[in-house]
Structures are given as structure tokens and as C-alpha cells.
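Each remark here refers to the structure printed beneath this line.
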Amino acid sequence: MVGGLALLYLLGRSGFAGHALDVAFGLRLPFTTAAVILAQTFVAMPFLVVSLEGALRTGGERYEVIAASLGAPPWTVFRRITIPLVLPGLGSGMVLSFARCLGEFGATIAFAGSLQEVTRTLPLEVYLQREVDADAAIALSLLLVVVAIVVIAVARPRSAQGLG
């Protein structure tokens, strides 16, 4: 919720950057589909950043330095050495970010609202259905859990094979 309010005060119509965006480009972000994406990104990005930072720190610089000393151009070093070294961390960060977004509620409702067929996410729908139809809320919650399990199973097939 705090993150959503921060986004609202930054990018809202009377916010620091929001007013400038509205005047310069006629761009109004709050309570749009783009606001949902921004809110989800805002709350999930730390998971991706921490995972990538850990992968980059663990990989070190020795492989890049060796490749550069052997004459590999910077783009080739990045593409053929750095990216493969951080792929596991990137994959973990993406799964963690997705899991965080799957249940995101506060920032989304504060910055994007809950407009039916525009900005309503599944967690917001679960919340609204809980008041009206508890069985529907449970079914939607189960759907979220199933999606999470499928994503984890697809993203980490090696860990599923190692259990058997």
C-alpha cells in the first residue's frame, strides 16, 4: 500500500512527475492498465535485482577478464560469458518476482485502482468475491495457487527430477 501511495504521489495527476507528464505529453498513468504494470514492477523488482546481484557477485570477473585478454570484444564477452553465468540467478529472480506479483494487492489498488476489465487483478477479484461469494473467492485462490505451482514446475524442472 505504501508503494502504491508513493507511486500515486510521484506519478499521479498532481504528483511531482505526473503533472509534468500530463502537461508535456498528455500522459495520465494512475488507474490505467499501465499503472497495474508499474505497481507490479515496483513491488517485484527488488527480488529480481537481489537475485541478479548475487549471481553477478558470485560469478566474479575472472572469466570476463580472461576472454577480454584473449581478444574477445565486449559484446561477445557479455553475450557468451556474462549472460550464461547469470542465467540461473535471472531465472530465480523471475520466479520470485512472479510469485510476488501473484499476490500483490496494496500497491495495485492504491495506484491502479480496481476498475473491472481494466485494472482489476486476480488478487483484487479474490478480495471482492470474498465479500459476495466465498466459494468463488476460494476457487480463484486455488487458481492462483495452481498457476504458481505450474510456473515453478516449468521454471525449475531439475528440482522436480531430483526429488524422485
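The values are calculated or read from the model by the stated rules, or taken from the named source; none is laboratory data. None of these values were measured; they are calculated from a predicted model. Cβ coordinates were reconstructed from backbone atoms using ideal geometry, including for glycine residues, and neighbour counts include every protein chain displayed.
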Of all residues in region 42-87, count the ones that are exposed (fewer than 12 other Cβ atoms within 10 Å of the Cβ) and not hydrophobic (A, V, I, L, M, F, W, C). 10
Helices (runs of 4 or more DSSP H) (entirely within region 13-101) containing at least 1 residues that are within 25 Å of residue 119 (Cβ to Cβ) and within 25 Å of the chain's Cα centre (by Cα): 16-25, 33-59
Selection count, region 65-100, where residues are among the aromatic types (Phe, Trp, Tyr) and on the phi > 0 side of the Ramachandran plot: 0
Does region 113-121 contain any residue that is in contact with a Phe, Trp or Tyr (Cβ under 6 Å, 6 or more places away or on another chain), small (Gly, Ala, Ser) and not in a helix (DSSP H, G or I)? yes
Any residue at all in region 98-105 that's surrounded by 15 or more Cβ atoms within 10 Å (Cβ to Cβ), over 18 Å from residue 48 (Cβ atoms) and modelled with pLDDT under 90? yes
Tell me, yes or no, whether region 10-32 has at least one residue that is of a type in the set (Val, Ile, Thr) and touching a residue at least 24 places away in the same chain (Cβ under 8 Å). yes
